[in-house]
Amino acid sequence: MSLPERLGRLSRVRRIGAGGFATVWLYRDDELRSHVAVKALADNWAQRLDVRDRFLEEARILRAADSDHVVRVHDIGETDGTPWFVMSYADRGSLDRYLTAGTPLSPAVVLPLMEQAASGLAVLHARGVVHRDVKPQNLLLRGDGVPDPEQRDPVTSDLASSRLLVADLGVAKAVLHASGLTQVVGTPAYMAPEQATGAPVGPASDVHALAAVSYQMLTGRLLRDGGLGDLVDGVPPVPPSALTDLPEAVDRVLLRAVHPRPEERWPDVGSFVAALHEAVDGGPVVAAPALNTPGRRPPGQPAPASPNPAAPARPAAPARRTSPTVLVLLVLLVLALSFAASFAVVAALR
(Lines give C-alpha, C1' and ligand atoms only; values in the text may rest on other atoms or scores of the structure.)
Protein backbone atom coordinates (compact mmCIF):
# COMPACT_ATOMS: atom_id res chain seq x y z
CA MET A 1 0.00 0.00 0.00
CA SER A 2 1.48 3.37 -1.02
CA LEU A 3 1.60 6.38 1.26
CA PRO A 4 -1.24 8.26 -0.53
CA GLU A 5 -3.42 5.14 -0.35
CA ARG A 6 -2.66 4.74 3.34
CA LEU A 7 -3.58 8.31 4.24
CA GLY A 8 -6.20 8.74 1.54
CA ARG A 9 -5.82 12.43 0.86
CA LEU A 10 -2.10 13.12 0.37
CA SER A 11 -0.48 13.81 -2.99
CA ARG A 12 3.29 13.95 -3.41
CA VAL A 13 4.72 17.26 -4.60
CA ARG A 14 8.51 16.98 -4.66
CA ARG A 15 11.60 15.89 -2.78
CA ILE A 16 12.81 18.55 -0.34
CA GLY A 17 15.78 16.86 1.29
CA ALA A 18 17.99 13.80 1.36
CA GLY A 19 20.61 12.50 3.76
CA GLY A 20 22.65 9.43 4.38
CA PHE A 21 19.79 7.57 6.07
CA ALA A 22 16.56 9.11 4.85
CA THR A 23 14.78 11.22 2.24
CA VAL A 24 12.19 13.91 2.99
CA TRP A 25 9.30 14.55 0.59
CA LEU A 26 6.78 17.36 0.43
CA TYR A 27 3.15 16.18 0.29
CA ARG A 28 -0.05 18.16 0.03
CA ASP A 29 -3.10 17.40 2.13
CA ASP A 30 -5.85 18.12 -0.40
CA GLU A 31 -8.64 18.01 2.16
CA LEU A 32 -7.01 20.39 4.64
CA ARG A 33 -5.32 22.43 1.89
CA SER A 34 -1.97 22.36 3.61
CA HIS A 35 1.43 20.75 3.25
CA VAL A 36 3.19 18.14 5.34
CA ALA A 37 6.64 16.58 5.15
CA VAL A 38 7.14 12.82 4.89
CA LYS A 39 10.44 11.30 5.97
CA ALA A 40 11.21 7.85 4.55
CA LEU A 41 14.15 5.63 5.47
CA ALA A 42 16.49 5.02 2.54
CA ASP A 43 15.95 1.65 0.85
CA ASN A 44 19.55 0.53 1.40
CA TRP A 45 19.16 0.95 5.16
CA ALA A 46 15.65 -0.41 5.56
CA GLN A 47 16.91 -3.95 6.21
CA ARG A 48 19.38 -2.87 8.90
CA LEU A 49 17.57 -3.44 12.18
CA ASP A 50 19.74 -1.01 14.17
CA VAL A 51 19.20 1.84 11.67
CA ARG A 52 15.52 0.96 11.35
CA ASP A 53 15.10 1.05 15.13
CA ARG A 54 16.85 4.40 15.34
CA PHE A 55 14.57 5.81 12.62
CA LEU A 56 11.43 4.65 14.42
CA GLU A 57 12.80 5.92 17.72
CA GLU A 58 13.16 9.37 16.17
CA ALA A 59 9.45 9.36 15.30
CA ARG A 60 8.53 8.26 18.83
CA ILE A 61 10.68 10.97 20.43
CA LEU A 62 9.20 13.68 18.22
CA ARG A 63 5.67 12.45 18.86
CA ALA A 64 6.19 12.36 22.63
CA ALA A 65 7.85 15.78 22.78
CA ASP A 66 4.70 17.57 21.56
CA SER A 67 6.32 21.02 21.67
CA ASP A 68 5.72 24.12 19.57
CA HIS A 69 9.48 24.20 19.01
CA VAL A 70 10.07 20.56 18.08
CA VAL A 71 8.92 19.08 14.76
CA ARG A 72 5.65 17.19 15.33
CA VAL A 73 4.90 13.71 13.99
CA HIS A 74 1.32 13.12 12.79
CA ASP A 75 1.41 9.56 11.48
CA ILE A 76 3.73 6.62 10.90
CA GLY A 77 3.66 3.65 8.59
CA GLU A 78 5.53 1.33 6.22
CA THR A 79 5.45 0.79 2.46
CA ASP A 80 7.10 -2.26 0.85
CA GLY A 81 9.32 -2.71 3.89
CA THR A 82 10.37 0.95 4.06
CA PRO A 83 9.24 2.84 7.19
CA TRP A 84 8.17 6.49 7.02
CA PHE A 85 6.51 9.13 9.15
CA VAL A 86 4.50 12.29 8.46
CA MET A 87 5.66 15.45 10.21
CA SER A 88 5.30 19.23 10.26
CA TYR A 89 6.38 21.06 7.12
CA ALA A 90 8.78 23.96 7.63
CA ASP A 91 7.95 26.20 4.68
CA ARG A 92 10.98 28.45 5.14
CA GLY A 93 13.50 25.66 5.20
CA SER A 94 16.42 25.47 7.59
CA LEU A 95 18.21 28.24 9.45
CA ASP A 96 21.29 27.46 7.37
CA ARG A 97 19.84 29.07 4.24
CA TYR A 98 19.70 32.44 6.03
CA LEU A 99 23.33 32.43 7.18
CA THR A 100 25.99 34.06 5.00
CA ALA A 101 29.69 33.78 5.79
CA GLY A 102 31.07 37.09 7.01
CA THR A 103 27.61 38.59 7.63
CA PRO A 104 26.62 38.80 11.31
CA LEU A 105 22.97 38.94 12.26
CA SER A 106 21.54 41.43 14.72
CA PRO A 107 21.20 40.19 18.32
CA ALA A 108 17.58 41.35 18.12
CA VAL A 109 17.03 38.62 15.50
CA VAL A 110 19.35 35.99 16.99
CA LEU A 111 18.10 35.98 20.58
CA PRO A 112 14.41 35.12 19.93
CA LEU A 113 15.45 32.24 17.65
CA MET A 114 17.93 30.86 20.18
CA GLU A 115 15.27 31.12 22.89
CA GLN A 116 12.96 29.01 20.75
CA ALA A 117 15.71 26.48 20.05
CA ALA A 118 16.48 26.28 23.76
CA SER A 119 12.78 25.74 24.49
CA GLY A 120 12.63 22.78 22.10
CA LEU A 121 15.88 21.26 23.36
CA ALA A 122 14.78 21.67 26.98
CA VAL A 123 11.70 19.54 26.24
CA LEU A 124 13.93 16.80 24.81
CA HIS A 125 16.35 17.02 27.75
CA ALA A 126 13.47 16.72 30.20
CA ARG A 127 12.62 13.41 28.53
CA GLY A 128 16.21 12.19 28.86
CA VAL A 129 17.11 12.77 25.20
CA VAL A 130 20.25 14.49 23.93
CA HIS A 131 20.08 15.72 20.33
CA ARG A 132 23.86 15.44 19.66
CA ASP A 133 23.70 17.19 16.28
CA VAL A 134 22.36 20.70 16.85
CA LYS A 135 23.33 22.82 13.83
CA PRO A 136 21.64 25.33 11.50
CA GLN A 137 20.62 22.57 9.07
CA ASN A 138 18.63 20.88 11.85
CA LEU A 139 16.84 24.03 13.01
CA LEU A 140 13.80 24.53 10.77
CA LEU A 141 11.65 27.61 10.26
CA ARG A 142 7.90 28.00 9.75
CA GLY A 143 6.38 31.29 8.63
CA ASP A 144 3.86 31.50 11.44
CA GLY A 145 4.35 35.18 12.25
CA VAL A 146 3.35 38.38 10.46
CA PRO A 147 6.25 40.04 8.58
CA ASP A 148 6.99 43.67 9.44
CA PRO A 149 5.96 45.72 6.37
CA GLU A 150 8.57 48.35 7.23
CA GLN A 151 11.42 45.81 7.34
CA ARG A 152 13.27 46.09 4.05
CA ASP A 153 15.78 43.31 4.66
CA PRO A 154 14.08 40.06 3.56
CA VAL A 155 16.37 37.89 5.70
CA THR A 156 15.62 39.83 8.87
CA SER A 157 11.92 39.96 7.99
CA ASP A 158 11.71 36.19 7.47
CA LEU A 159 13.68 35.31 10.59
CA ALA A 160 11.77 37.73 12.80
CA SER A 161 8.41 36.30 11.68
CA SER A 162 9.38 32.61 11.84
CA ARG A 163 8.83 29.90 14.42
CA LEU A 164 11.86 27.71 14.97
CA LEU A 165 11.54 23.92 15.18
CA VAL A 166 14.24 21.52 16.39
CA ALA A 167 14.41 18.66 13.92
CA ASP A 168 16.37 15.62 12.74
CA LEU A 169 16.83 13.42 15.76
CA GLY A 170 18.21 10.59 13.66
CA VAL A 171 21.36 10.52 15.78
CA ALA A 172 19.67 11.40 19.08
CA LYS A 173 20.49 9.18 21.99
CA ALA A 174 18.44 8.57 25.11
CA VAL A 175 20.58 9.23 28.16
CA LEU A 176 18.55 6.84 30.28
CA HIS A 177 18.44 4.10 27.64
CA ALA A 178 21.78 4.11 25.83
CA SER A 179 21.77 2.17 22.59
CA GLY A 180 25.37 1.01 22.79
CA LEU A 181 26.40 2.77 19.57
CA THR A 182 29.94 4.12 19.89
CA GLN A 183 30.64 5.89 16.59
CA VAL A 184 31.46 9.60 16.54
CA VAL A 185 28.24 11.45 15.70
CA GLY A 186 27.89 15.15 15.02
CA THR A 187 29.38 18.01 13.00
CA PRO A 188 32.88 19.20 14.09
CA ALA A 189 32.05 22.91 13.71
CA TYR A 190 29.32 22.57 16.36
CA MET A 191 29.86 19.36 18.31
CA ALA A 192 31.29 19.20 21.81
CA PRO A 193 34.75 17.67 22.46
CA GLU A 194 33.31 14.76 24.44
CA GLN A 195 31.52 13.58 21.31
CA ALA A 196 34.84 13.23 19.51
CA THR A 197 36.60 11.38 22.31
CA GLY A 198 33.83 8.89 23.07
CA ALA A 199 33.16 10.35 26.54
CA PRO A 200 29.57 10.34 27.82
CA VAL A 201 27.29 12.97 26.30
CA GLY A 202 24.57 14.90 28.08
CA PRO A 203 22.57 18.15 27.87
CA ALA A 204 25.88 20.05 28.18
CA SER A 205 26.79 18.70 24.74
CA ASP A 206 23.74 20.43 23.28
CA VAL A 207 24.60 23.61 25.22
CA HIS A 208 27.95 23.62 23.39
CA ALA A 209 26.31 23.10 19.99
CA LEU A 210 23.63 25.75 20.52
CA ALA A 211 26.36 28.20 21.58
CA ALA A 212 28.28 27.37 18.40
CA VAL A 213 25.18 28.20 16.35
CA SER A 214 24.75 31.46 18.30
CA TYR A 215 28.42 32.31 17.70
CA GLN A 216 28.00 31.81 13.96
CA MET A 217 24.84 33.92 13.79
CA LEU A 218 26.31 36.78 15.83
CA THR A 219 29.74 36.89 14.16
CA GLY A 220 29.22 35.50 10.66
CA ARG A 221 31.98 32.97 11.34
CA LEU A 222 32.07 29.33 12.41
CA LEU A 223 33.22 28.60 15.93
CA ARG A 224 35.98 26.46 14.41
CA ASP A 225 36.97 25.78 10.83
CA GLY A 226 39.02 22.63 11.37
CA GLY A 227 38.01 19.03 11.84
CA LEU A 228 38.05 16.66 14.77
CA GLY A 229 41.74 17.40 15.44
CA ASP A 230 41.07 21.03 16.38
CA LEU A 231 38.12 19.90 18.45
CA VAL A 232 40.16 17.41 20.47
CA ASP A 233 43.10 19.82 20.88
CA GLY A 234 40.80 22.35 22.54
CA VAL A 235 41.95 25.35 20.48
CA PRO A 236 40.17 28.40 21.98
CA PRO A 237 37.88 30.29 19.57
CA VAL A 238 38.31 33.97 18.78
CA PRO A 239 36.25 36.08 21.23
CA PRO A 240 33.09 37.31 19.44
CA SER A 241 33.71 40.97 20.38
CA ALA A 242 36.97 40.80 18.39
CA LEU A 243 35.00 39.95 15.25
CA THR A 244 32.01 42.28 15.43
CA ASP A 245 30.44 44.98 17.57
CA LEU A 246 29.35 43.02 20.63
CA PRO A 247 29.77 43.67 24.36
CA GLU A 248 32.65 41.82 26.01
CA ALA A 249 30.08 40.22 28.29
CA VAL A 250 28.95 38.20 25.27
CA ASP A 251 32.48 36.75 25.08
CA ARG A 252 32.22 35.44 28.62
CA VAL A 253 28.83 33.83 28.00
CA LEU A 254 29.75 32.12 24.75
CA LEU A 255 33.25 31.03 25.80
CA ARG A 256 31.85 29.46 28.93
CA ALA A 257 29.21 27.65 26.88
CA VAL A 258 31.84 26.05 24.62
CA HIS A 259 34.31 25.16 27.37
CA PRO A 260 36.09 21.83 26.64
CA ARG A 261 34.92 20.41 29.97
CA PRO A 262 31.14 19.85 30.15
CA GLU A 263 30.98 20.61 33.87
CA GLU A 264 32.31 24.13 33.26
CA ARG A 265 29.53 25.09 30.83
CA TRP A 266 26.18 26.62 31.62
CA PRO A 267 24.08 24.00 33.43
CA ASP A 268 21.34 23.92 30.78
CA VAL A 269 20.30 25.53 27.49
CA GLY A 270 17.86 27.86 29.24
CA SER A 271 20.57 29.28 31.52
CA PHE A 272 22.85 29.81 28.55
CA VAL A 273 20.29 31.76 26.51
CA ALA A 274 19.20 33.81 29.54
CA ALA A 275 22.83 34.77 30.22
CA LEU A 276 23.34 35.64 26.55
CA HIS A 277 20.30 37.91 26.70
CA GLU A 278 21.67 39.67 29.79
CA ALA A 279 25.08 40.07 28.16
CA VAL A 280 23.63 41.70 25.06
CA ASP A 281 21.54 44.01 27.25
CA GLY A 282 24.58 44.93 29.33
CA GLY A 283 23.56 43.03 32.45
CA PRO A 284 25.85 41.19 34.90
CA VAL A 285 27.29 37.91 33.68
CA VAL A 286 29.27 35.22 35.52
CA ALA A 287 32.88 35.19 34.32
CA ALA A 288 33.84 32.40 31.95
CA PRO A 289 36.36 29.76 33.04
CA ALA A 290 39.66 29.45 31.18
CA LEU A 291 39.15 27.95 27.72
CA ASN A 292 42.04 25.51 27.71
CA THR A 293 42.34 21.79 28.14
CA PRO A 294 43.98 20.40 31.29
CA GLY A 295 47.72 21.05 31.15
CA ARG A 296 47.39 23.58 28.28
CA ARG A 297 47.14 27.36 28.46
CA PRO A 298 46.91 29.91 25.66
CA PRO A 299 50.18 31.94 25.42
CA GLY A 300 50.30 34.92 27.73
CA GLN A 301 47.12 34.02 29.53
CA PRO A 302 47.31 33.42 33.29
CA ALA A 303 45.44 30.49 34.71
CA PRO A 304 42.31 31.91 36.37
CA ALA A 305 40.31 29.98 38.90
CA SER A 306 37.66 27.83 37.25
CA PRO A 307 35.06 26.83 39.79
CA ASN A 308 32.46 24.34 38.76
CA PRO A 309 29.28 26.39 38.20
CA ALA A 310 27.17 23.39 39.08
CA ALA A 311 28.91 22.78 42.42
CA PRO A 312 27.35 24.33 45.51
CA ALA A 313 29.17 27.33 46.87
CA ARG A 314 31.16 26.76 50.05
CA PRO A 315 29.41 28.52 52.93
CA ALA A 316 31.30 31.44 54.43
CA ALA A 317 32.82 30.92 57.84
CA PRO A 318 30.53 32.32 60.52
CA ALA A 319 31.66 35.56 62.17
CA ARG A 320 33.03 35.16 65.69
CA ARG A 321 30.77 36.45 68.41
CA THR A 322 32.14 38.26 71.42
CA SER A 323 31.04 36.85 74.77
CA PRO A 324 28.88 39.09 77.06
CA THR A 325 31.39 38.64 79.94
CA VAL A 326 34.20 40.03 77.85
CA LEU A 327 32.05 43.00 76.86
CA VAL A 328 31.28 43.81 80.55
CA LEU A 329 34.96 43.64 81.47
CA LEU A 330 35.86 45.95 78.59
CA VAL A 331 33.24 48.49 79.67
CA LEU A 332 34.51 48.40 83.29
CA LEU A 333 38.09 48.82 82.07
CA VAL A 334 37.16 51.86 80.01
CA LEU A 335 35.29 53.39 82.98
CA ALA A 336 38.21 52.76 85.30
CA LEU A 337 40.67 54.36 82.90
CA SER A 338 38.38 57.35 82.45
CA PHE A 339 38.00 57.72 86.26
CA ALA A 340 41.77 57.51 86.78
CA ALA A 341 42.42 60.11 84.07
CA SER A 342 39.85 62.48 85.58
CA PHE A 343 41.30 62.03 89.07
CA ALA A 344 44.78 62.82 87.78
CA VAL A 345 43.60 66.03 86.09
CA VAL A 346 41.80 67.23 89.25
CA ALA A 347 44.84 66.48 91.40
CA ALA A 348 47.10 68.46 89.04
CA LEU A 349 44.81 71.49 89.19
CA ARG A 350 45.01 71.60 92.96
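The values are calculated or read from the model by the stated rules, or taken from the named source; none is laboratory data. If you're wondering where the values come from, they're calculated on a predicted model, not measured in any experiment. Because the Cβ atoms are built from the backbone with ideal geometry, glycine has one as well, and the counts that use them run over all protein chains shown.
Applying a threshold of 9 Å to beta carbon distances and a minimum spacing of six or more residues, or different chains, the list of pairs starting in the range 38-54 at a residue that is more than 23 Å from ARG72 (Cβ to Cβ) and ending at one that is surrounded by 14 or more Cβ atoms within 10 Å (Cβ to Cβ) and among the basic types (Lys, Arg) reads TRP45/ARG52; ALA46/ARG52. Confirm whether ALA249 is outside any loop (DSSP other than H, G, I, E, B) and surrounded by fewer than 17 Cβ atoms within 10 Å (Cβ to Cβ). Judged against the criteria, ALA249 is not a match. Considering TYR27, TYR98, the condition of being within 30 Å of ALA126 (Cβ to Cβ), of a type in the set (Phe, Trp, Tyr) and surrounded by 13 or more Cβ atoms within 10 Å (Cβ to Cβ) is satisfied by TYR98 alone. Is one or more of the residues making up the range 129-136 part of a helix (DSSP H, G or I), in the same structural domain as GLU194 (by TED's automatic domain parsing) and either among the charged types (D, E, K, R) or at pLDDT 95 or above (or both)? Yes; the residues of the range 129-136 include at least one that is part of a helix (DSSP H, G or I), in the same structural domain as GLU194 (by TED's automatic domain parsing) and either among the charged types (D, E, K, R) or at pLDDT 95 or above (or both). Output yes when any residue across the range 4-27 is touching a residue at least 12 places away in the same chain (Cβ under 8 Å), closer than 22 Å to ARG132 by Cα, touching a Lys or Arg at 6+ places or on another chain (Cβ under 9 Å) and in a helix (DSSP H, G or I), and no when none is. For the range 4-27, residues touching a residue at least 12 places away in the same chain (Cβ under 8 Å), closer than 22 Å to ARG132 by Cα, touching a Lys or Arg at 6+ places or on another chain (Cβ under 9 Å) and in a helix (DSSP H, G or I): absent.
Count of the range 105-128 residues, restricted to those that are among the hydroxyl-bearing types (Ser, Thr, Tyr) and in a helix (DSSP H, G or I), is 1.
Can you tell me which residue in the range 8-20 is modelled with the highest pLDDT, limited to those that are within 14 Å of SER34 (Cα to Cα) and hydrophobic (A, V, I, L, M, F, W, C)? Within the range 8-20, the match that is modelled with the highest pLDDT is VAL13.
Whether a residue is in contact with a strand residue (DSSP E or B) (Cβ under 9 Å, 6 or more places away or on another chain) and over 19 Å from GLY143 (Cα atoms) was assessed, and THR100 does not pass this test. Once the range 103-131 is narrowed to residues that are touching a strand residue (DSSP E or B) at 6+ places or on another chain (Cβ under 6 Å) and not hydrophobic (A, V, I, L, M, F, W, C), the residue that is nearest to VAL24 (Cα to Cα) is GLY120.
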